[in-house]
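*Asks:* This is the structure, below, for whatever I ask next.
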There are 2 protein chains.
Amino acid sequence: MAVEFWFEFSSTYSYPAAIRIEALAQSEGVPIIWKPFLLGPVFRAQGWKDSPFNLFPVKGRYMWRDLERICEKLAIPFRRPSQFPSNGLLAARISCWFATKPWVPEFVRSVYRANFAEDLDISSASVLESRLDSLGQPGAALIQQAQLPESKEKLRAQTENAIALGIFGAPTFVVGPELFWGNDRLEEAISWYKSHQQAGAVKQLT
Amino acid sequence: MAVEFWFEFSSTYSYPAAIRIEALAQSEGVPIIWKPFLLGPVFRAQGWKDSPFNLFPVKGRYMWRDLERICEKLAIPFRRPSQFPSNGLLAARISCWFATKPWVPEFVRSVYRANFAEDLDISSASVLESRLDSLGQPGAALIQQAQLPESKEKLRAQTENAIALGIFGAPTFVVGPELFWGNDRLEEAISWYKSHQQAGAVKQLT
């Protein structure tokens, strides 16, 4: 039983959520499960061939300013990426395949920082390899494993699971049958978990 | 200088915002300006011919459940309207034309309750007339005035102003050059106003 954190590496609002979720959940005594998935297939299911922030520029303009404000308030570094959306496929495969390894949360944060604070190309295997190495992990070997067919299949199935759950954007927090969409709903998801866990009403979904 | 509350009567998340904004703003000593507008032209500018909650049913399903949770938490009555979106044109004309009258905030709340708690047809002149009458106002006469060409023009211009400001959904709170989109950003808009008002950085937009 946990709060599931469904995220996509190219998702802007997933960045502050990814940075702050672990510390917040730990301070509240709430377990979290990291659930990387791909937004591409989710958006295509809505008929969108690009990020809605690109398809609807007025919304995109708001989002970039809003994200800037949010990061400033949270004292999280932010630099608007020169390319958006980035391709988070390989990073998602790595964090999906090795999901239960203790280094994954720090790896996830490190990739988000690379994307949204350092404007690095997170689709690059060498960028990801050096992030893994700097966490004391064998980057090259892990990346090789993450590109095996069973790893690709795991992420594909997890993305299908996201669609089946009714997820349409990221970040989404899943607590039993309830979805909470958006970085600004993280606190509510944690609070929902705490109040419904005691009532035994939170079903295990994983 | 104020927090501008841009709302549309058919907008689901505008409902809790409309119900709670005045009491919250008063307790924080923050002035608000009520800014009804129409989402139809805004959505058409994005290429949408219906509410995105109807165009994208997965998002719609989430929204109805989310709204139900929000209303429950705020102890606001909620019944899902049998028709969505409703036609809020006449109600918007009334509240736009008479914007500065002291009965407008209570009228706005009353129409939102009719729509989202009582499942009444808020496009009906007789429904709106009885809401005005019950506030001690001459309903029939006010409705007649609200349908004069200068009233229609005022709402049309206000909706164009919304688009010019970069508003793409409702509710939106406008504080100087900053937009805050969504009921769950009301507190942040008020807090932004308070911190930037003292610094003299909030420009008057009206």
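The values are calculated or read from the model by the stated rules, or taken from the named source; none is laboratory data. Small disclaimer: the values here were computed from a predicted structure and weren't measured. Cβ placement follows ideal geometry from the backbone for every residue including glycine, while neighbour counts extend to all protein chains displayed. These area figures cover heavy atoms from the full protein model, side chains too; ligands, DNA and RNA do not enter into them. Shrake-Rupley method; radii C 1.70, N 1.55, O 1.52, S 1.80 Å.
*Asks:* Taking segment B:166-181 only, how many residues are more than 7 Å from every other protein chain (Cβ to nearest Cβ), under 16 Å from the mean Cα position of the chain (by Cα) and open to solvent by 10 Å² or more (accessible area, probe 1.4 Å)?
*Replies:* Of the residues in segment B:166-181, 1 are more than 7 Å from every other protein chain (Cβ to nearest Cβ), under 16 Å from the mean Cα position of the chain (by Cα) and open to solvent by 10 Å² or more (accessible area, probe 1.4 Å).
*Asks:* Let me ask another. Of the conditions (1) touching a strand residue (DSSP E or B) at 6+ places or on another chain (Cβ under 6 Å); (2) within 14 Å of chain A (Cβ to nearest Cβ); (3) not hydrophobic (A, V, I, L, M, F, W, C), residue B:16 clears all except one; give me its number.
*Replies:* The one condition residue B:16 does not meet is (1).
*Asks:* Please go through segment B:119-134 and give me each residue that is in contact (Cβ under 8 Å) with a residue 40 or more places away in the chain and either assigned to a helix (DSSP H, G or I) or surrounded by fewer than 22 Cβ atoms within 10 Å (Cβ to Cβ) (or both), ordered by number.
*Replies:* Residue satisfying the conditions is B:119 alone.
*Asks:* Moving on. Assigned to a helix (DSSP H, G or I) and buried (at least 16 other Cβ atoms within 10 Å of the Cβ): is that true of residue B:30 in this structure?
*Replies:* No; evaluated as a whole, the condition is false for this residue.
*Asks:* Right, another one. Inside segment B:53-92, can you point out the residues that are assigned to a helix (DSSP H, G or I), closer than 22 Å to residue A:185 by Cβ, open to solvent by 40 Å² or more (accessible area, probe 1.4 Å) and at pLDDT 95 or above?
*Replies:* Answer for segment B:53-92, where residues must be assigned to a helix (DSSP H, G or I), closer than 22 Å to residue A:185 by Cβ, open to solvent by 40 Å² or more (accessible area, probe 1.4 Å) and at pLDDT 95 or above: B:61, B:65, B:68, B:72, B:73, B:74.
*Asks:* Limited to segment B:99-112, what total is found for residues that are crowded, with 20+ Cβ neighbours inside 10 Å and of a type outside the set (Ser, Thr, Tyr)?
*Replies:* Final tally of qualifying residues: 3.
*Asks:* Moving on to the next point. Residue check, residue B:141 against (1) under 27 Å from residue B:181 (Cβ atoms); (2) more than 14 Å from every other protein chain (Cβ to nearest Cβ); (3) assigned to a helix (DSSP H, G or I); (4) open to solvent by less than 50 Å² (accessible area, probe 1.4 Å), all met but one. Which one?
*Replies:* The one condition residue B:141 does not meet is (1).
*Asks:* May I pose another question? Considering only segment A:35-52, how many residues are within 21 Å of residue A:153 (Cβ to Cβ), part of a loop (DSSP other than H, G, I, E, B) and open to solvent by 30 Å² or more (accessible area, probe 1.4 Å)?
*Replies:* 1
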